[in-house]
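Only the coordinates and a few stated rules stand behind these numbers; no lab work does. Everything numeric here is computed off the predicted structure, so don't read it as measured data. Glycine gets a Cβ as well: all are built from the backbone with ideal geometry, and neighbour counts include every protein chain shown.
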Ligand code: SF4
């Protein structure tokens with residue numbers, strides 16, 4: 001048996017601790033709202049109707065660990081919206097910004113990051129899998145920063 | 001012992017075909033573009049053994065994928081490899097009809113009822129025996145050929161290299177073996193571990209350890225992985241994790257807590273490629289319809305390069321370090337093994 005772990009490539013510099021603390025102190029609502037707006041723009045037009053119907057009505061917590069950022073979004077009435085911070089979420093996803101970026105660019109695999117503990121998923125596993133498979137089928141949501149040749 | 005039929009393909013120097021997984025149209029396209037000779041896909045229902053939410057193809061997606069593959073001279077195989085539900089077998093018959101209508105290059109089946117339906121209603125359709133049928137001897141495979149006209153059999157991941165060789169020598173149908181991916185250590189199709197804990201198994205519901213039964217909980221001691229409430233493993237905060245299947249759990253056995261059956265690891269047989277080719281193995285299968293398109297693309301690229309290198313100069317073939325690095329990166333538990341091909345115990 002050959003252990004052959006390779007760390008994820010860093011694609012973003014870590015956030016300075018002062019800034020990180022500041023971001024962590026922000027209320028959940030504004031970042032959630034921004035994330036919902038971004039998803040509405042990039043994801044919603046590409047989301048198949050059957051997947052949208054199955055994903056709707058659940059709150060998902062998304063944490064960017066190295067930025068100390070926490071958002072809660074939901075898909076309701078066909079639109080992404082920020083969700084109230086109170087009460088439990090159906091799913092909690094936590095990872096560093098670099099991991100999210102690699103996933104959004106289609107460079108990585110959620111399973112691999114999960115095995116490596118670079119991505120944490122808690123809550124309704126089936127919902128998480130539906131989300132993962134839906135995003136995988138759609139393909140990269142982001143093409144930034146551009147790949148080096 | 002009965003004598004085996006003539007094995008026409010044994011002496012063939014033809015390199016094994018590379019058969020890659022596709023859980024989505026995007027994965028199919030990337031696999032084909034990365035050099036897969038064939039991809040295997042499933043429909044969005046319980047007729048295939050990777051029936052996960054959000055995965056697989058509807059008819060329109062399957063049609064588009066098949067058109068893309070055929071335009072480049074590659075094949076699409078349709079997995080219809082669960083066992084027909086006695087209450088409503090029509091669903092499986094309709095899936096066979098749909099696959100035939102789509103023009104797939106072969107059906108991968110396990111259930112004799114599904115094989116018989118395909119043989120009777122679509123005699124022109126090529127049939128492959130799924131790993132889920134768990135045929136481990138050439139005699140068993142020969143039975144499926146005589147009875148249902150199968151043209152290829154996928155071997156369970158439990159045979160030694162010597163056993164695979166013996167089987168290739170005697171079989172008159174093509175032999176496909178697993179080359180890379182998560183390991184299922186049982187004779188597939190005969191494992192009751194998932195049924196025991198969750199009531200669902202690959203053969204009945206198309207899933208082992210269904211995600212609806214999986215719960216991950218972060219606690220002070222680490223992360224608990226539970227399957228239908230049963231604690232399968234507890235991972236230290238920085239420890240690599242695997243899928244919570246009962247076979248890969250850690251349990252207290254006579255005072256020692258360890259993997260009782262198998263570790264979370266991936267099969268990787270790159271180093272066996274020259275021997276598998278020499279034996280006349282017709283196709284090498286990559287596991288992972290549930291994995292991302294990025295996994296499919298990168299694993300396909302490595303295997304394409306390896307099969308081409310082996311075909312060009314079999315005697316000088318050596319596993320390139322960058323292949324090992326790439327495959328290691330995509331492995332479950334970031335480890336790989338030759339599995340049963342060189343395991344001392346059976
Ligand atoms: S429990 Fe393990 S051995 Fe059994 S079917 Fe699932 S993966 Fe295979």
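If you wrap a convex hull around the Cα atoms of chain B, how much volume per residue is inside, in Å³?
For chain B, the hull spanned by Cα atoms encloses 148 Å³ per residue.
State the extension gain, in nm to one decimal, for the chain segment bounded by residue B:220 and residue B:236, taking 0.36 nm per residue of separation less the distance between their alpha-carbons.
The residue B:220-residue B:236 span can extend by a further 4.8 nm.
Shape of the range A:15-138 from its Cα gyration tensor (a ≥ b ≥ c, root eigenvalues): rounded if a/c is under 1.5, otherwise prolate when a/b > b/c, or oblate?
Oblate, since a/c reaches 1.5 and b/c is not below a/b.
Which log10 I(q)/I(0) values does the range B:1-144 give at q = 0.18, 0.19 Å⁻¹ under the Debye formula, counting every alpha carbon as one identical point scatterer?
-1.08, -1.17
Quick one: if you stick a label point 7 Å off each Cα along the C-beta vector at residue B:162 and residue B:58, how many nm between them?
That separation, rounded to one decimal, is 5.3 nm.
With r as the distance between the Cβ atoms of residue A:86 and residue B:124 and R0 = 56 Å, compute the FRET efficiency 1/(1 + (r/R0)^6) and round to 0.05.
0.40
Note the full-extension length gain between residue B:97 and residue B:275 as 0.36 nm times their separation in residues minus their Cα-Cα distance, in nm to one decimal. Working shown, then result.
Values: separation 178, 0.36 × 178 = 64.08 nm, distance 3.82 nm.
Result: 60.3 nm gained on full extension.
Per Stokes-Einstein, at 37 °C and 0.692 mPa s, what whole-number D in µm² s⁻¹ belongs to the range B:258-346, with the Kirkwood radius over Cα pairs as the hydrodynamic radius?
So the translational diffusion coefficient is about 232 µm²/s.
Report Rg(Cα)/(2.2 N^0.38 Å) for the range B:65-152, keeping two decimals.
Against the empirical 2.2 N^0.38 Å value, I get 1.08 for the range B:65-152.
Report the full-extension gain for the segment residue B:316 to residue B:137: residue separation times 0.36 nm, less the Cα-Cα distance, to one decimal in nm.
61.3 nm
Report the paramagnetic label zone for residue B:70: residues of the range B:34-52 whose backbone N is under 18 Å from a point 7 Å from Cα along the Cα-to-Cβ axis.
B:37-43
Which value in nm describes the separation of the simple spin-label points at residue A:117 and residue B:305, placed 7 Å from the Cα toward the beta carbon?
Here the modelled spin labels are 3.1 nm apart.
Over 28 Å, how big is the tail of the calculated P(r) for the protein assembly as shown, in percent of all Cα pairs?
Numbers: 65851 of 122265 pairs.
Pairs farther apart than 28 Å: 54 percent.
Report Rg(Cα)/(2.2 N^0.38 Å) for the range B:208-259, keeping two decimals. Mind dumping the intermediate values first?
On the way: Rg = 10.8 Å, N = 52, 2.2 N^0.38 = 9.9 Å.
The reported ratio for this selection is 1.09.
Determine, at each q value in 0.12, 0.18 (inverse angstroms), the log₁₀ of I(q)/I(0) that the Debye formula gives when each Cα of the range B:74-222 is one equal point scatterer.
Rounded to two decimals, the profile gives -0.55, -1.10.
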